[in-house]
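K.L.:
Pasting a structure here, questions to come.
The values are calculated or read from the model by the stated rules, or taken from the named source; none is laboratory data. Keep in mind that this is a model prediction, so the values were computed, not measured. Quick reminder, even Gly has a Cβ in these numbers, built from the backbone with ideal geometry, and neighbours come from all protein chains shown. Each accessible area value is taken on the protein alone, full model and side chains, heavy atoms only, with ligands, DNA and RNA left out. Shrake-Rupley method; radii C 1.70, N 1.55, O 1.52, S 1.80 Å.
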Amino acid sequence: MATQALGILETHGLVSALSGADAMLKSAEVTLIGRELPGDGLVAVLIRGEVASVTAALDVGAAAAALCGAEPVKRVIPCPHPEMEKLLPTLG
């Protein structure tokens with residue numbers, strides 16, 4: 001999975017994060033790799049997939065989170081450095 005793009009959707013509140021995550025997973029061929037709780041009510045959801053799929057999924061996820069009243073931030077990292085794997089959560 002190291003060559004796949006990394007997508008990050010960060011928002012305030014669990015409801016908006018779950019709504020965004022659900023929308024992302026339903027809208028494109030992406031894999032949920034985890035979530036982070038940086039503090040102050042922020043929730044970051046991380047996905048993996050091809051660059052176009054991650055980009056499309058983040059657009060849909062951000063729109064879904066915004067419907068919950070959040071102001072989401074999204075970011076695509078097209079080709080993360082292999083050392084980034086040490087920072088990412090693993091599901092399982």
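K.L.:
When only residues in region 2-40 that are of a type in the set (S, T, N, Q) and under 16 Å from PRO72 (Cβ atoms) count, which is surrounded by the most Cβ atoms within 10 Å (Cβ to Cβ)?
P.N.:
THR11
K.L.:
Moving on to the next point. In region 27-62, which residues are β-branched (Val, Ile, Thr) and more than 12 Å from the chain's Cα centre (by Cα)?
P.N.:
Answer for region 27-62, where residues must be β-branched (Val, Ile, Thr) and more than 12 Å from the chain's Cα centre (by Cα): just VAL51.
K.L.:
Checking the conditions here, which among ALA56, ALA65 is part of a helix (DSSP H, G or I), open to solvent by 30 Å² or more (accessible area, probe 1.4 Å) and at pLDDT 95 or above?
P.N.:
None of the other options fit; the residue is ALA56.
K.L.:
Something else: Would you say VAL43 is over 19 Å from CYS68 (Cβ atoms), open to solvent by less than 50 Å² (accessible area, probe 1.4 Å) and among the aliphatic types (A, V, I, L, M)?
P.N.:
So VAL43 fails the test.
K.L.:
Based on this model, can you work out whether VAL76 counts as assigned to a helix (DSSP H, G or I), within 12 Å of GLN4 (Cα to Cα) and within 10 Å of the chain's Cα centre (by Cα)?
P.N.:
no
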